[in-house]
Amino acid sequence: MSFSIGIVVLETKTFGGTIEGQLDSRAWTQRTAGGVELGWVDNPLLQNEAHVSALEGFLGDLRVPICGYVVSAGRARFAPEIADAVVSVRDLQWVLSFPFAEPSPRVLDAAWRRLEGEAAKSHGRRAAHEAYARRRRGAFRARRQA
């Protein structure tokens, strides 16, 4: 399979239960299969938009096509209002088979080199983000058990 695309930003989630919310709401509600509310989760669509915007800003002068997707790698069922905005991991290859852009190989290579250079300098930021995610996950679990 051949892909003719630019840069793809994936926000991957492993939610379970039922997820409800609105496309533009700050948070979504997670419930068990039995309907018990577990708490809220940050809206991954807005998270992905923020990542795409940051990447666009970082690569600004290169004008590389960037597309973002929220991917569900868990067993969650999404409310009808948001279901079409989330791609199942089973469907990801199919979704990515549709080109959204025809980037210049020269520009795409330059963008990749710039990203590699930044990634090499970013260990501290990555560690801080991972620590933040662990704290959020712990707080979510504590709310769920309360």
- Mind counting the residues in region 26-55 that are out of contact with any strand residue (DSSP E or B) (no Cβ under 6 Å at 6 or more places or on another chain) and without any contact (Cβ under 8 Å) to a residue 12 or more places away in the chain? 5
- Task: Look at residue 55 and say whether it is hydrophobic (A, V, I, L, M, F, W, C), at pLDDT below 95 and more than 18 Å from the chain's Cα centre (by Cα).
- Result: no
- Message: What's the total number of residues in region 28-41 that are in contact with a helix residue (DSSP H, G or I) (Cβ under 9 Å, 6 or more places away or on another chain) and modelled with pLDDT of 95 or more?
- Response: 2
- Message: Please go through region 56-73 and give me each residue that is over 14 Å from residue 91 (Cβ atoms) and either in contact (Cβ under 8 Å) with a residue 60 or more places away in the chain or part of a helix (DSSP H, G or I) (or both), ordered by number.
- Response: 56, 57, 58, 59, 60, 61, 62, 65, 66, 67, 68
- Task: Check residue 10 against each of (1) aliphatic (A, V, I, L, M); (2) open to solvent by less than 30 Å² (accessible area, probe 1.4 Å); (3) within 21 Å of residue 137 (Cα to Cα) and name the one condition it does not meet.
- Result: (2)
- So which residues in region 100-114 are open to solvent by 40 Å² or more (accessible area, probe 1.4 Å) and either touching a residue at least 40 places away in the same chain (Cβ under 8 Å) or under 13 Å from residue 55 (Cα atoms) (or both), if there are any at all? 100, 102, 108, 112, 114
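The values are calculated or read from the model by the stated rules, or taken from the named source; none is laboratory data. Nothing here was measured: the structure is a model prediction, and the numbers come from that model. Here Cβ is always computed from backbone atoms with ideal geometry, including for glycine, and neighbour counts include all displayed protein chains. Only protein heavy atoms, including side chains, enter the accessible area calculation; ligands, DNA and RNA are left aside. Shrake-Rupley method; radii C 1.70, N 1.55, O 1.52, S 1.80 Å.
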